[in-house]
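Enquirer: Questions regarding the structure given below will be posed in turn.
The values are calculated or read from the model by the stated rules, or taken from the named source; none is laboratory data. All values reported here derive from a predicted model rather than from experimental measurement. As a convention, Cβ positions derive from the backbone with ideal geometry for all residues, glycine included, and neighbour counts pool all protein chains shown.
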Amino acid sequence: MNYLKIITIILLNIFLFSHTFSKDSVKEKENEIREQIKKLGDSNYKVRDKAIKELNNLPYTHRKILVQEFKTTSNLEIRDRLKSILDLSNDGLIEYFSEFYLKSQKLNLDKKYNEALIEINKIIAIDDEYLMALILKSQILLNKGDYKECIEVLKKLLLLQSNESKEVEKINLNLSQIYIELGEFKNAIDLIESLLAVNQNSNELKELLLQAYEQDKQFEKTELLIIKEISERPELPQLENSLAWFYIRNGKLEKAKTIIKEKLVPIKNSPITTTLNNLFIENYAEGIKFTKQKTKPFLESLNGKKDVNIIDLDNQDVYFLLFQHFFEIASNQPPSTDFKGLYKPIRTEDIKIWPYPLLGYYASEITLANFNNLLEDANPMQARQKKCEAYFFLGLLKLSEKNNAEAKKLFQLCIDQKIWSFVETTAAIYMLQKI
């Protein structure tokens with residue numbers, strides 16, 4: 001046997017011994033703590049007092065044992081004294097937890113999800129029912145795309161919350177969205193329908209139910225629910241719009257166009273919706289007029305500005321410019337937008353912020369390879385959302401260049417992201433039918 005093998009075996013034995021020793025010592029410490037807890041019910045005051053002092057001085061890392069014993073003991077005296085010990089440590093515990101919580105929160109915002117989970121799990125290892133920690137953990141898992149584990153955390157949160165808690169509705173909404181995201185439409189529908197039985201006026205729940213019905217191919221239920229909503233709230237043109245767009249997604253273009261032409265007026269609180277309706281009925285002249293009303297003010301404000309940022313030129317501004325560009329070309333008008341002139345003044349530190357890369361691509365300042373790199377994101381949902389928007393607007397560009405084959409590929413890629421709440425998905429479905 002050579003020396004390398006001997007050293008490897010020795011090191012392995014040392015590791016196994018230390019690991020076994022470590023487990024044994026932890027178990028021994030837990031047993032000591034449980035013995036101290038038993039002494040809380042001792043008839044001798046001095047024995048009880050000594051046990052209380054020792055348990056009060058325990059590190060927070062052993063708190064979980066106190067909580068477990070508090071829940072399981074049938075001795076009322078031990079239970080009362082354990083409650084006092086736990087209550088006494090609460091203020092210090094909150095301060096102790098705050099460091100881990102704030103660090104995890106910051107890491108989550110920075111999209112460092114694995115590191116964020118390590119920090120928040122330090123709290124849960126001590127108190128696995130600490131609500132703030134469990135709520136933050138569910139958010140991290142949701143952002144990270146770990147939906148299965150997120151469901152387990154959300155279910156645990158529901159068990160810990162009172163039915164009257166405002167947090168319950170939010171948890172159930174998250175659960176419904178995750179079920180839809182996973183394609184578990186039956187679970188989503190069962191949950192949402194049970195929630196609507198209690199809260200019939202929740203528009204958010206109704207929107208989720210419509211998503212679940214449609215993606216589960218229950219088209220008749222989807223249509224009936226929208227029509228019911230229209231009859232109950234005729235003052236909302238958005239509902240007529242929902243029905244028209246539902247017909248677009250299901251290949252009933254003529255029914256959709258009839259609704260848009262005859263029943264819809266510009267929707268004041270959703271100018272992008274109005275822009276898309278002009279696209280769907282091929283009213284490009286009105287589309288140009290409408291988008292120019294939106295683009296003219298900010299273009300004038302940007303004239304001569306050298307350091308452009310998201311405050312000067314936000315997401316909606318960019319999208320209006322891209323629609324205007326398509327409408328002009330579809331109307332055989334010369335495009336009026338100077339994309340290079342708009343893109344170059346954007347601050348270097350901001351050019352990666354979405355959707356500025358779209359401006360860069362339209363200006364031929366970003367290659368396709370670099371553009372695709374900018375679509376990646378540690379948050380898988382946000383990556384898909386960016387791709388949904390990107391592929392649609394690149395498809396519009398290719399269509400305006402008479403490259404129908406490439407446009408079709410891009411519109412299909414947009415749809416493949418399955419971001420059903422985004423207007424670009426409906427628009428891509430329409431464009432594919434039109435091509």
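Enquirer: Of the residues 409, 386, which single one is closer than 19 Å to residue 318 by Cα, assigned to a helix (DSSP H, G or I) and outside the structural domain of residue 252 (by TED's automatic domain parsing)?
Expert: On inspection, the qualifying residue turns out to be 386.
Enquirer: Then there is this: Restricting to region 383-414, and then to whatever is within 19 Å of the chain's Cα centre (by Cα) and crowded, with 16+ Cβ neighbours inside 10 Å, can you tell me which residue is nearest to residue 430 (Cα to Cα)?
Expert: Step by step, filter region 383-414, then rank; the result is 414.
So that you can scan it fast, the table gives a plain yes or no per residue for (1) modelled with pLDDT of 90 or more; (2) in contact with an Asp or Glu (Cβ under 7 Å, 6 or more places away or on another chain); (3) under 25 Å from residue 182 (Cα atoms):
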site: 108; (1), (2), (3): yes, no, yes
site: 139; (1), (2), (3): yes, no, yes
site: 145; (1), (2), (3): yes, no, yes
site: 151; (1), (2), (3): yes, no, yes
site: 163; (1), (2), (3): no, no, no
site: 168; (1), (2), (3): no, no, yes
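Enquirer: Please go through region 415-435 and give me each residue that is hydrophobic (A, V, I, L, M, F, W, C), under 15 Å from residue 248 (Cβ atoms) and either in a loop (DSSP other than H, G, I, E, B) or under 26 Å from the mean Cα position of the chain (by Cα) (or both), ordered by number.
Expert: Matches in region 415-435: 415, 420, 422, 423, 427, 428, 429, 435.
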